[in-house]
Amino acid sequence: MEKTVLDTLKAKAKEIRKLTIEEIGNLGSGHIGGSMSIADVLTLLYYHKMKVDPSNPKWEGRDYLVVSKGHAGPVVYATLASRGFFPVDWLKTLNQGGTKLPSHCDRVLTPGIDMTAGSLGQGFSAAVGMALGLKMDSKPNRVYAIVGDGESDEGQIWEAAMFAAAKGVSNITAFTDYNKQQLDGYVKDIMDLGDLAAKWKAFGWFTQEVDGHDLEALDNAIDAAAAEKEKPSMIIMNTIKGKGCNFAEGIEKNHSMAFNMDKAKEAIAALNGE
């Protein structure tokens, strides 16, 4: 990746993090931890990898993204707004009456959302089904999916994984946001996932493991996944929950947090290096 492209993407990722902090701060509470940990991959997908048309969100030629960990809606909305799918001012309405931006992603309400998510595990199954349908129709579109590590405690994740491998659904690239934390604590203490890469390989997926905050490493991994023509692909992203938000990064109990705009502005200033 050229340095100018990388620098532009890094700046966009920072912008999306700031929008996310402000968005949640304006509401007063929200899912900050798992939103911040996927800001980098969302930036890379929407600004560099995915075929999308913000002026025509339902464009048939688009690539699809399913954020199965749907509580990360705030950062998805920040990314879509930044990319031009809808006005940035909409972010001020997050999870309020009459909003088009509910707490969890909703394909009916929000331009650019390809699949409603909420019940953990279901979005991933839908993504596999979408990819299979596209493959059966010989369409070139690619499906991307993001699952959480806590979400990976759900049996439905592994049913979908087994199905995708059995059917050779090679047009899906999935990511695990492996930030090592979930709602009630650390993943290792609640249901240890063990060697996650070995699990996905055992389920028949082409599996890579990268630093989820390294845009260049992610870019290379996505290219390698696209080159795999027989197996579905899983990219395990080692991330930090709350990354880029000074009062949430890497601490306990950062899944959903209450904070006001004063604290949000302090975090944004810290992110700017002020």
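When you scan the stretch 73-111, how many residues do you find that are among the β-branched types (Val, Ile, Thr) and surrounded by fewer than 21 Cβ atoms within 10 Å (Cβ to Cβ)?
4
Name the residue that is least open to solvent (accessible area, probe 1.4 Å), counting only residues in the stretch 145-192 that are of a type in the set (Lys, Arg) and touching a residue at least 12 places away in the same chain (Cβ under 8 Å).
The first filter runs over the stretch 145-192 and keeps only residues of a type in the set (Lys, Arg), leaving 167, 180, 188.
If we keep only those that are touching a residue at least 12 places away in the same chain (Cβ under 8 Å) as well, we get 167, 180.
Working: Lys167: 115, Lys180: 76 Å².
In this case the residue turns out to be Lys180.
Which ones in the stretch 131-144 are in contact with a Ser or Thr (Cβ under 7 Å, 6 or more places away or on another chain) and either open to solvent by 40 Å² or more (accessible area, probe 1.4 Å) or among the hydroxyl-bearing types (Ser, Thr, Tyr) (or both)?
Here is the first cut: in the stretch 131-144, the residues in contact with a Ser or Thr (Cβ under 7 Å, 6 or more places away or on another chain) are 142, 144.
Answer for the stretch 131-144, where residues must be in contact with a Ser or Thr (Cβ under 7 Å, 6 or more places away or on another chain) and either open to solvent by 40 Å² or more (accessible area, probe 1.4 Å) or among the hydroxyl-bearing types (Ser, Thr, Tyr) (or both): just Tyr144.
Can you name the residue in the stretch 43-59 that is in contact (Cβ under 8 Å) with a residue 60 or more places away in the chain and not polar (S, T, N, Q) and is also farthest from Lys18 (Cα to Cα) among such residues? Can you show your working first?
Initially, the stretch 43-59 is screened for residues in contact (Cβ under 8 Å) with a residue 60 or more places away in the chain, giving 43-45, 48-52.
Next, from what is left, pick out any that are not polar (S, T, N, Q): 44-45, 48-52.
Values: Leu44: 16, Leu45: 18, His48: 20, Lys49: 22, Met50: 22, Lys51: 25, Val52: 23 Å.
Across the stretch 43-59, the extreme among qualifying residues is Lys51.
Can you pull out every residue in the stretch 112-130 that is open to solvent by less than 40 Å² (accessible area, probe 1.4 Å), in a loop (DSSP other than H, G, I, E, B) and at pLDDT 95 or above?
Within the stretch 112-130, Gly112, Ile113, Asp114 meet the criteria.
Pairs, please: C-beta under 9 Å, at least 6 apart or cross-chain, first residue among the basic types (Lys, Arg) and in the stretch 245-274, second open to solvent by 60 Å² or more (accessible area, probe 1.4 Å)?
As it stands, the answer is Lys265/Glu22, since those pairs meet every condition given.
Taking the stretch 68-113, which residues are free of Cβ contacts under 8 Å to residues at least 40 places away in the same chain and more than 29 Å from Glu154 (Cβ to Cβ)?
Matches in the stretch 68-113: Arg83, Gly84, Phe86, Pro87, Asp89, Trp90, Thr93, Gly97, Gly98.
For the stretch 140-160, how many residues meet the condition of being farther than 23 Å from Lys188 by Cβ, touching a helix residue (DSSP H, G or I) at 6+ places or on another chain (Cβ under 6 Å) and part of a helix (DSSP H, G or I)?
Counting residues in the stretch 140-160 that are farther than 23 Å from Lys188 by Cβ, touching a helix residue (DSSP H, G or I) at 6+ places or on another chain (Cβ under 6 Å) and part of a helix (DSSP H, G or I) gives 1.
Quick one: what pairs do we get from the stretch 116-137, first residue touching a residue at least 12 places away in the same chain (Cβ under 8 Å), second surrounded by 18 or more Cβ atoms within 10 Å (Cβ to Cβ) and of a type in the set (Phe, Trp, Tyr), C-beta under 7 Å, 6+ apart or different chains?
Partner pairs satisfying both residue conditions: Met130/Tyr64.
Any chance the stretch 10-28 includes a residue that's among the β-branched types (Val, Ile, Thr), more than 17 Å from Cys105 (Cα to Cα) and surrounded by fewer than 21 Cβ atoms within 10 Å (Cβ to Cβ)?
no
Just for the stretch 53-66: of the residues that are within 12 Å of Val143 (Cα to Cα) and among the hydrophobic types (A, V, I, L, M, F, W, C), which one is surrounded by the fewest Cβ atoms within 10 Å (Cβ to Cβ)? So that I can check it myself, show each step before the final result.
Kept after step one, since they are within 12 Å of Val143 (Cα to Cα), are these residues of the stretch 53-66: 61-66.
Right, trim to among the hydrophobic types (A, V, I, L, M, F, W, C) and you get 65-66.
Values: Leu65: 26, Val66: 30.
Residue satisfying both the conditions and the ranking: Leu65.
Name the residues in the stretch 165-186 that are of a type outside the set (Phe, Trp, Tyr), at pLDDT below 95 and more than 16 Å from Ser35 (Cα to Cα), would you?
Here is the first cut: in the stretch 165-186, the ones of a type outside the set (Phe, Trp, Tyr) are 165-174, 176-177, 179-185.
Okay, now just the ones that are also at pLDDT below 95, so 181-185.
Across the stretch 165-186, the qualifying residues are Asp184, Gly185.
Which of the residues belonging to the stretch 193-212 are part of a loop (DSSP other than H, G, I, E, B), open to solvent by 40 Å² or more (accessible area, probe 1.4 Å) and touching a residue at least 12 places away in the same chain (Cβ under 8 Å)?
Residue satisfying the conditions is Phe203 alone.
The values are calculated or read from the model by the stated rules, or taken from the named source; none is laboratory data. Nothing here was measured: the structure is a model prediction, and the numbers come from that model. Please note: Cβ atoms are built from the backbone with ideal geometry, for glycine as well, and neighbour counts cover all protein chains shown. These accessible areas exclude ligands, DNA and RNA; they are computed on the full protein's heavy atoms, side chains included. Shrake-Rupley method; radii C 1.70, N 1.55, O 1.52, S 1.80 Å.
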